[in-house]
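Student: Questions regarding the structure given below will be posed in turn.
The values are calculated or read from the model by the stated rules, or taken from the named source; none is laboratory data. What you see is a predicted model; the values in this text were computed from it and never measured. When we count neighbours, we look across all protein chains shown, and the Cβ atoms used for this are built from the backbone with ideal geometry, even at glycine.
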Amino acid sequence: MELPIRPRRLRKSAQIRDLVRENSVSLCDLVQPLFVIDGDGEAESIASMPGQKRLTIRQLVQECRELFALGIRGVALFPKLDGSLKDAGACEALNEDTLVLRAVRALKAELPKLLLFTDIALDPYTSHGHDGVLTADGRDVDNDVTVGILCRMAVLHAQAGVDFVAPSDMMDGRIGAIRSTLDAAGLSATGVMAYSAKYASAYYGPFRDAVGSANAAGTALLGKDTYQLDPANSRAARRELLLDIEEGADMLMVKPAGPYLDIIRMARDLTELPVAAYQVSGEYAQIVAAAQLGWLDYGRTRDESLLAIKRAGADIIFSYFAAEIARELGK
Ligand code: PBG
C-alpha cells in the first residue's frame, strides 16, 4: 500500500510508546479510603470488598504509618458505628469524641503531614441511613436542618485537624454554608472538597455494607434519589459543579468515576480547580470479583481503570486500590 500516514509507527516499540504516552497514574494522585471501627479487637473483613478491612484506631494508625512511608499523601476516613449510636437525628455526628474524630486526632498526633479527608454527611449516624435528617412526615431529607448540622459537624472535624472536609451529602447550599461557618470559627485554613457531582448510584452497594448504612432502616435498597444526581443527567452535574465553585469549594469531586468519565471531563474543562474522582466500592468489587473468577486479569484491569480516570481529566483519584499500588511500587 502507498500509505504515507501510518500511526502505528508510534506504537512500534515499548520505548516509543513510553516516549509518546500522554497520561500516567502516579502515587501522588491517589487517596486511599479507609474504614474505622471502635474497640481493640481484630480488623474486620468486608464480604463485598475483599482486601479492604475495617480497622480499629490503633490498626489505622499503623496502616497509615506504612502508607505514608510508601508515599501515599492522603487518606479518606469512614467510620462504622455500632447500631446503638445511631438515631433519627444523627446526634452522634455532633459528639466531640465520636469515633472518626478520635481517629483524626490519633492520626494527626502521629502523622501530622498525612492529608486527612473526612466525609461530611450523616449516613453513618442516622438510624435510617440517609445522609440527612428527615422531614416531619419522614418522606424526604430536610435540606436546611441537615445543612445546619453539617456546618457544626464540619467545625468539629476542622478543629480535630482534618485537612479537607468533604461534604458528600448533596444538600443544596451546603458548600457555601460550611465555608462561611468554618471561616467565622477561625478555621479558614481547612479546605472544602465538594462531592459536587455525586450520582444516585448502585455502585455504592459494597460501601453501604462496609459502614452499615444499607439496611440501617431494614431496607436493603436505600433510595437517595431526592438528593443525589440522576445517572441520566449531565447538565444537572454541570450546574452542581458551577454552584460549588461559586460557593467556595477548593476542589471538586465526581463520583462514581469509571461509569462517569464524561462528567470528569466536563468538570476538568469547566474550572481551574483540581478535580477529584472517586472510584467507588462497586467499581472496586467488580474488578476484584471478576479477577477471582479468573475472568479478568487483575493487575491490568485495575491499572487500566485508574488510567482511564486520569485520562478523562481527574487530578486526584480516591481508590481502594491505592494502598496496594503503593505497596507494589515500594517493593
Ligand atoms: C455517604 C457516602 C457514600 C460513599 C461515600 N460517602 C455512599 C452513599 O452515598 O450512600 C460511597 C463510596 C463508595 O461506594 O465507595 N455519604
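Student: Somewhere in segment 207-229, is a residue hydroxyl-bearing (S, T, Y), closer than 22 Å to L34 by Cβ, buried (at least 24 other Cβ atoms within 10 Å of the Cβ) and within 16 Å of the ligand (Cβ to nearest atom)?
Tutor: First pass over segment 207-229, keeping only residues hydroxyl-bearing (S, T, Y): 213, 219, 226-227.
Applying the additional criterion that residues be closer than 22 Å to L34 by Cβ yields 213.
Next, only the ones that are buried (at least 24 other Cβ atoms within 10 Å of the Cβ) stay: 213.
If we keep only those that are within 16 Å of the ligand (Cβ to nearest atom) too, we end up with 213.
There is at least one residue in segment 207-229 that is hydroxyl-bearing (S, T, Y), closer than 22 Å to L34 by Cβ, buried (at least 24 other Cβ atoms within 10 Å of the Cβ) and within 16 Å of the ligand (Cβ to nearest atom).
Student: Continuing with this model, one more query. I need the full set of residues from segment 160-191 which are part of a loop (DSSP other than H, G, I, E, B), on the phi < 0 side of the Ramachandran plot and in contact with a helix residue (DSSP H, G or I) (Cβ under 7 Å, 6 or more places away or on another chain), in order please. Break it down stepwise before answering.
Tutor: Here is the first cut: in segment 160-191, the residues part of a loop (DSSP other than H, G, I, E, B) are 161-163, 168-173, 185-190.
Still in the running and on the phi < 0 side of the Ramachandran plot: 162-163, 168-169, 171-172, 185, 187-190.
Answer for segment 160-191, where residues must be part of a loop (DSSP other than H, G, I, E, B), on the phi < 0 side of the Ramachandran plot and in contact with a helix residue (DSSP H, G or I) (Cβ under 7 Å, 6 or more places away or on another chain): V162, D169, M171, D172, A185, L187, S188, T190.
Student: Also, quick follow-up: Within segment 178-195, restricting attention to residues that are within 19 Å of V75 (Cα to Cα) and more than 9 Å from the ligand (Cβ to nearest atom), which residue is farthest from the chain's Cα centre (by Cα)? Outline the logic, then answer.
Tutor: Initial filter on segment 178-195 (within 19 Å of V75 (Cα to Cα)): 189-195.
From what is left, the residues that are more than 9 Å from the ligand (Cβ to nearest atom) are 189-194.
On the way: A189: 21, T190: 17, G191: 15, V192: 13, M193: 10, A194: 10 Å.
It comes out as A189.
Student: Okay, next question. Could you identify the single residue in L115, L111 that is in contact with a Phe, Trp or Tyr (Cβ under 6 Å, 6 or more places away or on another chain), away from the ligand (no atom under 16 Å from the Cβ) and not acidic (D, E)?
Tutor: Values: L115 fails: in contact with a Phe, Trp or Tyr (Cβ under 6 Å, 6 or more places away or on another chain).
That would be L111, the only listed residue that is in contact with a Phe, Trp or Tyr (Cβ under 6 Å, 6 or more places away or on another chain), away from the ligand (no atom under 16 Å from the Cβ) and not acidic (D, E).
Student: Could we say that L150 is within 16 Å of the ligand (Cβ to nearest atom) and in contact (Cβ under 8 Å) with a residue 24 or more places away in the chain here? Can you show your working first?
Tutor: Details: within 16 Å of the ligand (Cβ to nearest atom): yes; in contact (Cβ under 8 Å) with a residue 24 or more places away in the chain: yes.
It is true that L150 is within 16 Å of the ligand (Cβ to nearest atom) and in contact (Cβ under 8 Å) with a residue 24 or more places away in the chain.
Rundown of residues vs (1) assigned to a loop (DSSP other than H, G, I, E, B); (2) in contact with a Pro (Cβ under 9 Å, 6 or more places away or on another chain), yes/no style:
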| position | (1), (2) |
| --- | --- |
| S48 | yes, yes |
| I72 | yes, no |
| R102 | no, no |
| D119 | no, yes |
| P124 | yes, yes |
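Student: Let me ask something additional. Which of the residues belonging to segment 265-287 are closer than 26 Å to Q52 by Cα and away from the ligand (no atom under 16 Å from the Cβ)?
Tutor: Residues of segment 265-287 closer than 26 Å to Q52 by Cα: 275-287.
Answer for segment 265-287, where residues must be closer than 26 Å to Q52 by Cα and away from the ligand (no atom under 16 Å from the Cβ): just V275.
Student: Can you list the strands (runs of 3 or more DSSP E) lying wholly within segment 227-331 that have 2 or more residues being closer than 22 Å to R21 by Cβ? Explain how you work it out, then say what you get.
Tutor: Details: elements: 251-255, 275-279, 316-319.
Passing ranges, in order: 275-279, 316-319.
Student: A76 - would you say it is touching a Leu at 6+ places or on another chain (Cβ under 8 Å), small (G, A, S) and not in a helix (DSSP H, G or I)? Talk me through it step by step, then tell me what you get.
Tutor: On the way: touching a Leu at 6+ places or on another chain (Cβ under 8 Å): yes; small (G, A, S): yes; not in a helix (DSSP H, G or I): yes.
The answer is yes for A76.
Student: Sticking with this one: For H157, indicate whether it is modelled with pLDDT of 95 or more, within 16 Å of the ligand (Cβ to nearest atom), farther than 16 Å from C64 by Cα and not in a strand (DSSP E or B).
Tutor: Working: modelled with pLDDT of 95 or more: yes; within 16 Å of the ligand (Cβ to nearest atom): yes; farther than 16 Å from C64 by Cα: yes; not in a strand (DSSP E or B): yes.
Yes.
Student: Kindly establish whether P112 is surrounded by 15 or more Cβ atoms within 10 Å (Cβ to Cβ) and assigned to a loop (DSSP other than H, G, I, E, B).
Tutor: It is false that P112 is surrounded by 15 or more Cβ atoms within 10 Å (Cβ to Cβ) and assigned to a loop (DSSP other than H, G, I, E, B).
Student: Moving on to the next point. Would you mind stating whether L99 is away from the ligand (no atom under 15 Å from the Cβ), surrounded by 21 or more Cβ atoms within 10 Å (Cβ to Cβ) and hydrophobic (A, V, I, L, M, F, W, C)?
Tutor: On the way: away from the ligand (no atom under 15 Å from the Cβ): yes; surrounded by 21 or more Cβ atoms within 10 Å (Cβ to Cβ): yes; hydrophobic (A, V, I, L, M, F, W, C): yes.
So L99 passes the test.
Student: Just to be sure I understand, how many residues within segment 80-97 are in contact (Cβ under 8 Å) with a residue 40 or more places away in the chain, farther than 17 Å from H128 by Cβ and not charged (D, E, K, R)? Full working, then the answer.
Tutor: Going through segment 80-97, the residues in contact (Cβ under 8 Å) with a residue 40 or more places away in the chain turn out to be 80-83, 85-90, 93-94, 96.
Subset that is farther than 17 Å from H128 by Cβ: 94, 96.
Filter once more, so that each one left must be not charged (D, E, K, R): 94.
Residues flagged as in contact (Cβ under 8 Å) with a residue 40 or more places away in the chain, farther than 17 Å from H128 by Cβ and not charged (D, E, K, R) within segment 80-97 amount to 1.
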